[in-house]
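Visitor: Dropping the structure in here first, questions after.
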Amino acid sequence: MSILAGLVPIIIVIVVLIILFSFVPIGLWISALAAGVKVGIFDLIGMRLRRVSPSKIVNPQIKAEKAGLDVVVSKLEAHYLAGGNVDRVIDALIAAERANIPLVFERAAAIDLAGRNVLEAVQMSVNPKVIETPVVAAVAKDGIEVKVKARVTVRANIERLVGGAGEETIIARVGEGIVTTVGSSESHKAVLENPDSISRTVLSKGLDAGSAFEILSIDIADVDVGRNIGAQLQTDQAEADKRIAQAKAEERRAMAVAKEQEMKAAVEEMRAKVVENEAQVPLAMAEAFKEGHLGVMDYYNMQNVISDTKMRDGIASVNQGTEKDQK
């Protein structure tokens, strides 16, 4: 029992030490002291309590100290708590200091919190980036389509990284400049002969205004001739005019057919009335015989007149046919 009683304090001490060393990064504190970074043990404990990973603060601080940068630990911790990437910000500050680019911690942190890669921006300031535009199709005044592909060399503008437009805006502005330049050309041949005129015109427009980049040069990588848009438009217009004329002709034909049908209907109606009236003649004659208004001799005389009229009409038609045959 006495042996167990003596082991209990030792076990308690061991457990306390294990908990202490797991909560307090003693190894990290020793590394900071060896690098000359003044970080107290209670500062590391405070980071633990504030749910900040000490290694993500102390290691960048050691890197900054070795690079000769004057960065306060509290600023690094505040940037970490704001959701920033502390290690990337320190790397960007070191790269800027080596390249003699003026960059302070506050601006680098702001760029990082804005969602931009501050380290990549610093590297782009030293080593410009080439942005290749997609094929831009434009039509010259002679109606010929010209397809242009350009390469834009840009350098990051540290001062305008926060709030400045990105690569998509640069590509869109360059494409707009290409379309304007080609569209104002009298002939597509002029564009093919002097493609550098596109570069000069586009550069003179100041396309990098309000963007996060500075345009160094615009080089025309490829120029091709496309379709004859003018001829195609004229063909389409002629086809459209043809269809309009056909539609109007069809409308007139339909109106003529409707008019003809209307006239036929009127003629049929008149014939029906004639037949109806002819049917009334025998009745009227019978009524006249019955009332004594028409005698037998009157009836015969009327029939003779009708026969004589029919004979005259027959002779006239025969004479007309003979005259036509003689001609």
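The values are calculated or read from the model by the stated rules, or taken from the named source; none is laboratory data. What you see is a predicted model, and the numbers here were worked out from it, not measured in a lab. So basically every Cβ, Gly included, is an ideal-geometry build from the backbone, and we count neighbours across all protein chains shown. Each accessible area value is taken on the protein alone, full model and side chains, heavy atoms only, with ligands, DNA and RNA left out. Shrake-Rupley method; radii C 1.70, N 1.55, O 1.52, S 1.80 Å.
Visitor: For region 204-253, give me each residue that is of a type in the set (S, T, N, Q) and over 29 Å from residue 134 (Cβ atoms). Walk me through it before giving the result.
Guide: Applying the first criterion (of a type in the set (S, T, N, Q)) to region 204-253 yields 204, 211, 217, 228, 232, 234-235, 237, 246.
237, 246 - these are the residues of region 204-253 that are of a type in the set (S, T, N, Q) and over 29 Å from residue 134 (Cβ atoms).
Visitor: Those residues that are at pLDDT 85 or above and under 30 Å from residue 144 (Cβ atoms), I need them from region 231-287; list them, please.
Guide: Result: 243, 244.
Visitor: Which ones in region 97-143 are in contact (Cβ under 8 Å) with a residue 60 or more places away in the chain and either among the acidic types (Asp, Glu) or farther than 27 Å from residue 221 by Cα (or both)?
Guide: Passing the criteria: 116, 132, 142.
Visitor: Let me ask something additional. Working only within region 213-230, note down all residues that are at pLDDT 75 or above, open to solvent by less than 50 Å² (accessible area, probe 1.4 Å) and of a type in the set (A, V, I, L, M).
Guide: Correct list: 215, 218, 220, 221, 223.
Visitor: Considering only region 239-247, I want to know if a residue exists there that is part of a strand (DSSP E or B), farther than 23 Å from residue 171 by Cβ and either open to solvent by less than 50 Å² (accessible area, probe 1.4 Å) or of a type in the set (S, T, N, Q) (or both). It would help to see each step written out before you state the result.
Guide: In the first step, residues of region 239-247 are kept if they are part of a strand (DSSP E or B); the result is none.
No: zero hits.
Rundown of residues vs (1) closer than 24 Å to residue 68 by Cβ; (2) over 18 Å from the mean Cα position of the chain (by Cα); (3) modelled with pLDDT of 85 or more, yes/no style:
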residue	(1), (2), (3)
104	yes, yes, no
113	no, yes, yes
138	no, no, no
142	no, yes, no
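Visitor: On to the next question. Hey, among the residues in region 288-305 that are modelled with pLDDT of 70 or more and of a type in the set (D, E, K, R), which one's most open to solvent (accessible area, probe 1.4 Å)?
Guide: Checking each candidate, the answer is 290.
Visitor: Mind listing whichever residues of region 48-92 are farther than 23 Å from residue 114 by Cα, open to solvent by less than 40 Å² (accessible area, probe 1.4 Å) and not in a loop (DSSP other than H, G, I, E, B)?
Guide: Selection gives 54, 58, 62.
Visitor: What are the residues in region 137-157 that are in contact with a Phe, Trp or Tyr (Cβ under 9 Å, 6 or more places away or on another chain) and either on the phi > 0 side of the Ramachandran plot or open to solvent by 50 Å² or more (accessible area, probe 1.4 Å) (or both), if any? Walk me through how you get there before you give the answer.
Guide: To start, the set of residues in region 137-157 that are in contact with a Phe, Trp or Tyr (Cβ under 9 Å, 6 or more places away or on another chain) comprises 152, 154-157.
Selection gives 155 alone.
Visitor: Further question: Being within 22 Å of the chain's Cα centre (by Cα) and open to solvent by less than 30 Å² (accessible area, probe 1.4 Å) is the filter here, so list the residues in region 124-136 that pass it.
Guide: Quick first cut of region 124-136, residues within 22 Å of the chain's Cα centre (by Cα) only: 131-136.
Those that are within 22 Å of the chain's Cα centre (by Cα) and open to solvent by less than 30 Å² (accessible area, probe 1.4 Å): 131, 133, 136.
Visitor: Quick check, is residue 191 at pLDDT 80 or above and β-branched (Val, Ile, Thr)? Talk me through it step by step, then tell me what you get.
Guide: Values: at pLDDT 80 or above: no; β-branched (Val, Ile, Thr): yes.
No; evaluated as a whole, the condition is false for this residue.
Visitor: Just to check your reading of the model, which residue among 210, 206, 177 is within 20 Å of the chain's Cα centre (by Cα) and either of a type outside the set (Asp, Glu) or open to solvent by 60 Å² or more (accessible area, probe 1.4 Å) (or both)? Don't jump to the end; show me each part of the working.
Guide: On the way: 210 fails: within 20 Å of the chain's Cα centre (by Cα); 206 fails: within 20 Å of the chain's Cα centre (by Cα).
Answer to the selection: 177.
Visitor: Check every one of the helices (runs of 4 or more DSSP H) wholly within region 93-211 and list those with 2 or more residues that are farther than 30 Å from residue 224 by Cα.
Guide: 105-113, 118-126
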